Amino acid sequence: MKLRIVTLTLVTFAIASLGILAIKSISQAKAASNVNNKLSPVINAKADLLVKDKSSAAEARCFCRGSRDIGSNPSEVPDACIDYGTIHTYYGTFPQNEDNQKDCQARCSKLAEQDSSKFMDDNWVCQNCYGKPGGYTFRAYSKVGTRDWRIAQTNSVNCCATGGEIKCPNGWIADANGPGNKKCKKDVCYVPEPCPPNNTKIGDWGFTWGCAIAQWGPATSINPVVIKSCQ
């Protein structure tokens, strides 16, 4: 009888011990799961930073160009007036992500803003990127990999034309519409009415205006027209 009681007590103790161990295991598993759930977003958000071997990671380059305004998010910047080329390279599982796009945009913006010899030089922009008078918006565009371009920096310029003065011999009148170096004109004779149509060309020699026959002549000097900032 005593042996049965002892045996039953031992069995009961064993079952209770197993129950306690099971509860501890479940609690530990839940705790581990909670830790993993908390770490998972952090690990996913920093996935690109965990790539140590660049040779096995995806790669995307950051490009920067200066161009006439062609919109906010163009797919191409074909006629760039300034091409800064590749200014940074990203590595990771998805190197074209939005964070890298913004970082590239900031790098391009700073590069253009500090480019006092071209991008921020209004005279240079007027002469090399527009070539005619007017008000213009000059942009710096950036992109990572194959994504669309986005505006990184802006320079508003006002361009004016200077020079172009024509000096003629005595008795001649300056006219920039003349062919080649022949920018001077004078009336040489008149025809009876009815007059021919105005500006009827007589080769490179002259033209008609009303009933007058005008002759083109070479200018003494011509100052070239220069496009530059109005300021």
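Every number here is computed from the coordinates shown, using simple stated rules; none is lab data. Keep in mind it's a predicted model, so treat the numbers as computed, not measured. Here Cβ is always computed from backbone atoms with ideal geometry, including for glycine, and neighbour counts include all displayed protein chains.
List of remarks:
- Pairwise Cα distances in the stretch 65-127 exceed 20 Å in 35 percent of cases.
- Note: relative contact order over the stretch 166-226, using C-alpha pairs below 8 Å and six or more positions apart, is 38 percent.
- Average projected area [Cα convex hull, the stretch 54-162], square nanometres: 6.8
- Rg in Å to one decimal, and Dmax rounded to a whole Å, for the stretch 166-226 via C-alpha atoms: 12.2, 43
- Table column - 3J(HN,Hα) (Hz), the stretch 105-117, Karplus curve with 6.51, -1.76, 1.60, x for Gly and Pro: 4, 5, 5, 5, 4, 5, 4, 5, 5, 8, 8, 7, 8
- For the stretch 168-216, applying the loop criterion from DSSP together with a ceiling of 14 other beta carbons within 10 Å to the chymotrypsin sites (Phe, Trp or Tyr not before Pro) yields TRP205.
- The stretch 54-162, relative contact order [Cα under 8 Å, separation at least 6], %: 34
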